[in-house]
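Data first, discussion second: the structure below is written as structure tokens.
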Amino acid sequence: MPAIYIKTYGCQMNERDSEHVARSLVARGHHLVSSETDADVILLNTCSVRDMAEQKAIGKMGMLQKLRQTRPHLILGYLGCMAQSRGAELVASPGVDLVAGTQKFHRVADYVDELLLRRLEARIDDERLAIVDTDEEANSQSTIRDHVLKGQQATAFVSIMQGCNMHCAFCIVPYTRGSERSRSIEDIVTEIHSLAAQGVREVTLLGQIVNLYGRHEFPKRDGLSPFVQLIEAACAVEGIERVRFTSPHPIGFRDDLIGAFDRLPKLVEHVHLPLQSGSDRILKIMRRGYTVEKYLRLVEKLRAARPGVALTTDVIVGFPGETEEDYQLTKQLADHVGFDHAFVFRYSPRRDTPAATMAEQVPEEIREARNQDLLEVISRHSQIKLNALVGTTVEILCEGPSKNNPNRLMGRTRTNKVVVFEGAPRHIGQVFDVAITSTTTSTLYGDPAVLDV
């Protein structure tokens, strides 16, 4: 049985795509390995959101080429967003056997088998054997549905749609993922039922702009958008204790979705609400479709609908034309909202996007300085939120051993904060309360004495 190693870069959507590829390969009789040195096939599932992610994948592939010196039959491939955007240029230099785009994950197992067969025929040096497939494919959004659950897995990602129609000036996703395409509610709920039957207790609904799910394909019912209909259906699945979603867009938060946080207990009190900038001028150039005033009004509505809701965000600093005044507005807004956490990114030019050719590109040293400055603001508020939980009791879902200390267990609060505690294997997959005794800059620690489940 050929051994497969898959390395994933980027977002949760990429993780979900890799899981589907892994499941389809296992179904063919292949087996997964945890080390590239043990593999017959190595696949890199790539990200194109920032240049650094692409460079990491390209650098990794260069290192993997060296393995061919002792293992000439090794198969190497690129999957995902960078494969989609760069296509055949990735096989211009020898050594890459497969390039499969974002609508072809369900085809990867076929392509791997074909390449393995060719290797058996010993046609190793024929560069014409490389397979490149980045074509669009109808209904590809409905193909990402298979899972590889690991032991007592308590959480799972569920891909509900592909693509994006927003075309923000900085973003390459519409070019790598295509236009919006949504799966049916029935198909998604069937997948969630299957996960629940296997012990999963929490699902995260995934989409490029997840809260715009189904807006072109499915009708409103009783005043509810297709996305809220889907959330209701997911919450109704027996065995599912928690429902999350990511990543949304502020313009997709209509009253019915805000109201769902008030009336659906299984919908957790955590919202990832991308900001990108606190300057109306920059937001307009970014083509974000909202103002700071509208964003702050949405924050108020969410906090009123679900008191204690945790808000996380994405911010880009150093966007072309961003002045010091623009940046200070962003910093002030972040300080005002007091996010639980934020992903702060230095602007990274992406080819084929409008922002890449805009005048007034901000120097790298200014981007880096603003990045570090804003991170200090975010970290201060994050620490305040964590400190406030010390001495309280919180509900967690135990996900399994802690990554940093396998002798301890870890779980997440409903607000998506990590809690580490001492426990037993029987606690994995269970929802229960833990007393918070201390915190670091990113992790809460719980008192095992309260465990009685």
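Here are a few things to note about the model shown:
- Against the compact-protein benchmark of 2.2 N^0.38 Å, the Cα-based radius of gyration of the range 317-453 scales to 1.40.
- Anisotropy class of the range 57-136 from Cα gyration tensor, a/c 1.5 cut: oblate
- Rounded to the nearest 5, the antiparallel percentage of DSSP beta bridges internal to the chain is 35%.
- Around Ile366: net Lys/Arg minus Asp/Glu count, Cβ-Cβ under 9 Å: -3
- Taking every alpha-carbon pair under 8 Å whose residues sit at least 6 apart, the range 383-453 reaches a relative contact order of 33 percent.
- The trypsin sites (Lys or Arg not before Pro) found in the range 118-222 that occupy coil by DSSP, while having at most 15 further C-beta atoms within 10 Å, are Arg123, Lys150, Lys220.
- Calculated over the range 1-61: convex hull of Cα atoms, volume per residue (Å³): 69
- Pair Ser93, Gln328: separation of 7 Å Cα→Cβ label points (nm): 4.6
- Taking all Cα-Cα distances within the range 362-409, those exceeding 16 Å account for 66%.
- For the pair the range 158-222 / the range 390-424, the C-alpha centres are spaced 28 Å from each other.
- Convex hull (Cα only) mean projected area of the range 99-254, reported in nm² to one decimal: 11.9
- The separation of the range 331-389 from the range 40-89, counted between C-alpha centres, amounts to 29 Å.
- 18 Å Cα-Cα reach of Lys417 towards lysines, excluding residues that sit fewer than 8 places from it in its own chain: Lys266, Lys385, Lys403
- Paired Rg and Dmax values of the chain, which use every Cα atom, in angstrom: 22.7, 66
- Mean residue ellipticity, 222 nm, helices only, the chain: the sum of -39500 (n - 2.57) across DSSP H runs of n ≥ 4, divided by residue count and rounded to 500, is -10000 deg cm²/dmol.
Where a number appears in this text, it was derived from the coordinates with a stated rule and is not lab data. What you see is a predicted model, and the numbers here were worked out from it, not measured in a lab. When we count neighbours, we look across all protein chains shown, and the Cβ atoms used for this are built from the backbone with ideal geometry, even at glycine.
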